[in-house]
1. Can you pull the percent of the range 67-131's accessible area that's carbon plus sulfur, 1.4 Å probe, other chains left in place?
2. At 0.36 nm per residue, and after removing the present C-alpha to C-alpha distance, how many nm does the segment from Thr102 to Val121 gain when stretched out fully?
3. Name the long-range amide H neighbours of Asn56: under 5 Å, sequence gap of 5 or more, or other chain; modelled H, no Pro or chain starts.
4. Taking θ as phi - 60°, what are the ³J(HN,Hα) couplings along the range 191-197 by the Karplus curve (6.51, -1.76, 1.60), each to the nearest whole Hz, with x for Gly and Pro?
5. List, in order, the whole-Hz ³J(HN,Hα) value for each residue of the range 61-71 obtained from phi through the Karplus relation with A = 6.51, B = -1.76, C = 1.60 and θ = phi - 60°; use x for Gly and Pro.
6. Return the long-range amide H neighbours of Ala110 (sequence gap of 5 or more, or a different chain), with a cut-off of under 5 Å between placed amide H atoms.
7. Would you kindly derive the ³J(HN,Hα) couplings of the range 164-170 from the backbone phi angles with the Karplus curve 6.51 cos²θ - 1.76 cosθ + 1.60 (θ = phi - 60°), listing them in order in whole Hz, with x for Gly and Pro?
8. Express the relative contact order of the range 45-107 as a whole percentage, based on alpha carbon pairs under 8 Å and six or more residues apart in sequence.
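The values are calculated or read from the model by the stated rules, or taken from the named source; none is laboratory data. None of these values were measured; they are calculated from a predicted model. Protein only, heavy atoms only, side chains kept; ligands, DNA and RNA dropped before computing areas. Shrake-Rupley method; radii C 1.70, N 1.55, O 1.52, S 1.80 Å.
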Amino acid sequence: MMMGWAAAWLLKAWLVNAAAAQDVAHCIVGGFRTLGEPEVHIKMREKFIDGVGGTNVELFLYVDLGVELSAKGSWTEHSQTELDRAAHYLRYGFNISAPPPTPPPRVYKATVAQHRQPRDVGIRCGELCTGQFYKWVRCYDMVTRAEKRRGKSFDWIIRHRPDMLWHQTARPIATLPLEPFWNVDRQLYLPRSELDAARAIGEVDCDGCEKKLGRLRRAKSCWCLNAKVLKKLTFSSTIEHKATRSKLFNRPSIRAPPRLDNASFQMFSNDFKRTPEAQQLLDAVGEQALHGRTVQDALRRNMTGAWVAPDAENDPPRSFEPNEQGLSRRRLPRPRKPRSVHREKKGTLGGGVVL
């Protein structure tokens with residue numbers, strides 16, 4: 001039964017793609033972060049871009065070299081030299097200071113643009129990830145302008161991040177049916193016919209997620225906002241996991257296509273490669289504690305170590321000074337509770353902050 005279903009899935013992919021040229025646009029978009037590290041851009045080129053392949057392939061980099069608001073981003077500016085070095089390797093397959101190897105690797109056409117906007121541009125509803133969505137749309141615009149120049153549309157637009165470290169060679173694009181595949185905010189394999197629907201992410205309404213989650217600025221809020229647009233894309237009922245539409249927050253349900261010969265792992269075999277400063281903070285306080293937080297916001301903790309809103313009362317400021325031993329997990333001394341005739345409810349602070 002399993003083999004029959006698997007064979008049908010592969011047959012469908014080959015029937016759709018085998019005879020057609022595959023024009024692929026890679027949107028590499030977001031904060032520059034660790035793209036300048038050799039391990040990151042070398043593996044992105046060799047394992048992902050080369051692995052995906054395609055008849056005509058173009059790269060579109062829309063990156064932010066500046067200091068980011070996100071606590072999980074870059075806390076210092078990156079240089080034009082770092083960008084040039086990474087872009088050269090992604091395009092040519094060898095270091096900018098090295099002679100071309102023999103035989104020479106495949107050369108990809110590349111368009112590079114910097115995000116020269118205020119740090120908070122595009123951020124709406126108090127949710128930092130909407131700024132990320134803004135950048136996605138700018139990269140999509142680069143693709144559509146290139147289509148006008150070349151007089152032909154791409155078949156696929158693959159959006160991915162500059163701070164991804166790839167582990168396995170990606171599955172060739174020719175083996176996939178022309179349908180969307182996605183992995184939270186890490187990658188989106190997008191058929192050109194779905195681009196207009198995907199661009200709506202730049203104007204996604206935050207109200208629905210705020211109502212569903214009680215408030216934004218939580219770990220699932222970005223997934224909820226992204227899912228509102230993804231639901232408009234045309235997924236195949238043959239390929240998508242059963243829970244993809246109904247349980248978009250369930251991580252196993254969004255790693256399509258099915259694990260056929262480890263196909264899912266080949267498409268999404270990556271991890272975040274954080275900047276040193278962000279990794280140090282993550283090691284100290286944990287991934288979910290930083291989700292959707294600015295650096296200053298992330299460092300504000302109440303006396304129990306729980307994360308609170310930036311305007312919470314009785315929340316003393318904390319400073320962050322990286323050192324060789326890493327961040328200290330020591331908490332501030334517990335303040336004495338004010339005496340009161342009425343006993344406070346368990347689980348709350350005097351300022352009304354729920355733990």
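1. Ligands and nucleic acids excluded, carbon and sulfur give 53 percent.
2. Full extension from Thr102 to Val121 adds 2.4 nm.
3. Gln22, Asp23, Val24
4. Coupling constants for the range 191-197: x, 4, 5, 9, 5, 4, 5 Hz.
5. Whole-Hz 3J(HN,Hα) from phi for the range 61-71: 9, 10, 10, 10, 8, x, 6, 9, 6, 5, 5.
6. Here Leu59 satisfy the definition.
7. 9, 10, 8, 10, 10, 5, 5
8. Over the range 45-107, the number comes to 23 percent.
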